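My questions all concern the structure below.
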Amino acid sequence: MVADRPSTGLVVGRFCPPHLGHSHLIDRAAEQVDQLVVFVNTRDGEVVPGELRAGWLAELHPEVTVVEVRHDLDTDFGDEALWARWIALFRERWPLAGDGPAVVFSSDPYAAELARRLGAACIVVDADRVAVPISATRVREQPADHLDFLAPPVRTWVEATWLAR
């Protein structure tokens with residue numbers, strides 16, 4: 001533990017698939033807290049199975065706690081009842097002492113509201129994706145063009161599964 005820094009942090013995402021931008025976010029977050037939790041949101045029918053995504057992140061970032069969060073919730077930032085369900089789910093799945101993080105880290109705009117609802121601070125990391133210019137959407141849309149943005153185990157899977165079609 002380091003004095004004057006938050007004890008716990010949270011990164012939330014689908015990581016579908018995990019790429020080097022996600023690793024950059026996780027690494028920057030882990031540097032700023034004593035314990036970092038990464039929630040991998042998963043649901044049935046996704047193009048990359050959730051347990052695989054969570055496993056890759058745990059392998060790539062052994063110093064953090066990776067939790068697969070299976071759900072059937074939609075995402076609608078204007079729906080108060082849905083927000084309440086998301087927050088209840090995240091509190092239920094929180095693996096550390098207490099009922100949630102001190103800080104939420106993200107590069108996405110919804111993070112400030114998520115942090116507020118969890119009673120946490122929000123730290124935005126590379127929102128413009130300058131440090132690592134990639135998004136999971138771009139990888140899914142054109143995987144062959146973005147292989148250099150994937151860690152070896154993810155790249156191997158993408159090449160064998162998506163590009164072998």
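Output the number of the condition that residue 5 fails; it satisfies all remaining conditions of (1) in contact with a helix residue (DSSP H, G or I) (Cβ under 9 Å, 6 or more places away or on another chain); (2) at pLDDT below 95.
Of everything listed in (1) in contact with a helix residue (DSSP H, G or I) (Cβ under 9 Å, 6 or more places away or on another chain); (2) at pLDDT below 95, residue 5 misses just condition (1).
Restricting segment 118-139 to residues that are surrounded by fewer than 16 Cβ atoms within 10 Å (Cβ to Cβ), within 30 Å of residue 91 (Cβ to Cβ) and out of contact with any Ser or Thr (no Cβ under 9 Å at 6 or more places or on another chain), which is modelled with the lowest pLDDT?
137
With (1) open to solvent by 40 Å² or more (accessible area, probe 1.4 Å); (2) free of Cβ contacts under 8 Å to residues at least 60 places away in the same chain; (3) not in a loop (DSSP other than H, G, I, E, B) as the list, and residue 28 as the residue in question, which single condition is left unmet?
Of everything listed in (1) open to solvent by 40 Å² or more (accessible area, probe 1.4 Å); (2) free of Cβ contacts under 8 Å to residues at least 60 places away in the same chain; (3) not in a loop (DSSP other than H, G, I, E, B), residue 28 misses just condition (2).
Still on this structure: Checking the condition touching an Asp or Glu at 6+ places or on another chain (Cβ under 9 Å) and either exposed (fewer than 15 other Cβ atoms within 10 Å of the Cβ) or touching a residue at least 40 places away in the same chain (Cβ under 8 Å) (or both), which residue from 50, 45, 9 passes?
9
Filter segment 96-113 down to residues that are over 16 Å from residue 15 (Cβ atoms), in contact with a helix residue (DSSP H, G or I) (Cβ under 9 Å, 6 or more places away or on another chain), open to solvent by less than 50 Å² (accessible area, probe 1.4 Å) and not in a strand (DSSP E or B), then give me how many there are.
The qualifying residues number 2.
The values are calculated or read from the model by the stated rules, or taken from the named source; none is laboratory data. Just so it is clear, the structure is predicted and the values come from calculations on it, not from any experiment. For neighbour counting, all protein chains shown are included, and Cβ atoms are generated from backbone atoms with ideal geometry for every residue, glycine included. SASA here: full protein model, heavy atoms, side chains in, ligands and nucleic acids out. Shrake-Rupley method; radii C 1.70, N 1.55, O 1.52, S 1.80 Å.
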